[in-house]
Each structure stands twice: as C-alpha cells, then as structure tokens.
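Below: the structure, in structure tokens.
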Amino acid sequence: MSKHIPMVQEALGDNLKKIDVDFGLVGEGNTDPVFVAMAHLHFESMDSFWPSCGPQAQRIQADIPIYTDSQPIMQVSEIRR
C-alpha cells in the first residue's frame, strides 16, 4: 500500500481517477479467501485506460514480485449504477 500503489498512481498519471484495494479476509465456509488482495483501478473510460496502462504494464507487472509470489490476474470491468 505504501510503495506499490503510489508507484502505480504515478505511472498511470492523471487518467487514473482512483484506486481501491480490497484485502481478502475469509472465503466461503470459513476457508481461506480466494484472493489475497484486489486493486481496483478506476478510469473515466476504456479510451483513457489503454493509453495509460499499455505503456506502463511491464513496469507495474515487474514491481509485483517484490510484494508477493502470487500470480496476478487482470480483469477489465465496467461499473454500472
């Protein structure tokens, strides 16, 4: 939270509107959580996501093994209200 997330914010620039981070506590039936953590990166649109994330993806991915040995999974979603 104190190093990787600020690096991601700096790398993605002004197109990144906010980051939320969820930490898994418990899974179904009181088992281990499916995900240890999830970072939700908020952009105005896909048009602002790709130019920001594409050129910085390798830098961001290279930073992840410093903090975990988990394999990251990426998903692009849309928030609907």
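The values are calculated or read from the model by the stated rules, or taken from the named source; none is laboratory data. Model, not experiment: these values are computed from the prediction. Reconstructed Cβ throughout: ideal geometry from the backbone, glycine too, with neighbour counts over all protein chains shown. Remember, those area values only see protein heavy atoms, side chains included, never the ligands or the DNA or RNA. Shrake-Rupley method; radii C 1.70, N 1.55, O 1.52, S 1.80 Å.
List of remarks:
- Surface share of carbon and sulfur [accessible, 1.4 angstrom probe, percent] for the chain: 52
- By a 1.4 Å probe calculation restricted to protein chains, Ile73 has an accessible surface near 140 Å², given to the nearest 10.
- Per residue, the convex hull spanned by the Cα atoms of the chain amounts to 113 cubic angstrom.
- Length-normalised contact order for segment 2-43 - Cα pairs under 8 Å, 6+ apart - percent: 39
- Residue ranking by accessible heavy-atom surface, 1.4 Å probe, largest first, among Leu16, Leu41, Leu25 comes out as Leu25, Leu41, Leu16.
- Measuring nothing but how far apart in sequence close Cα pairs (under 8 Å, 6+ apart) lie, relative to its length, the chain scores a relative contact order of 29 percent.
- Spacing of the modelled spin labels on Asp20 and Met1, each 7 Å from Cα toward Cβ, amounts to 1.6 nm.
- Ligands, DNA and RNA are left out, and with a 1.4 angstrom probe the accessible area of the chain is 82 Å² per residue.
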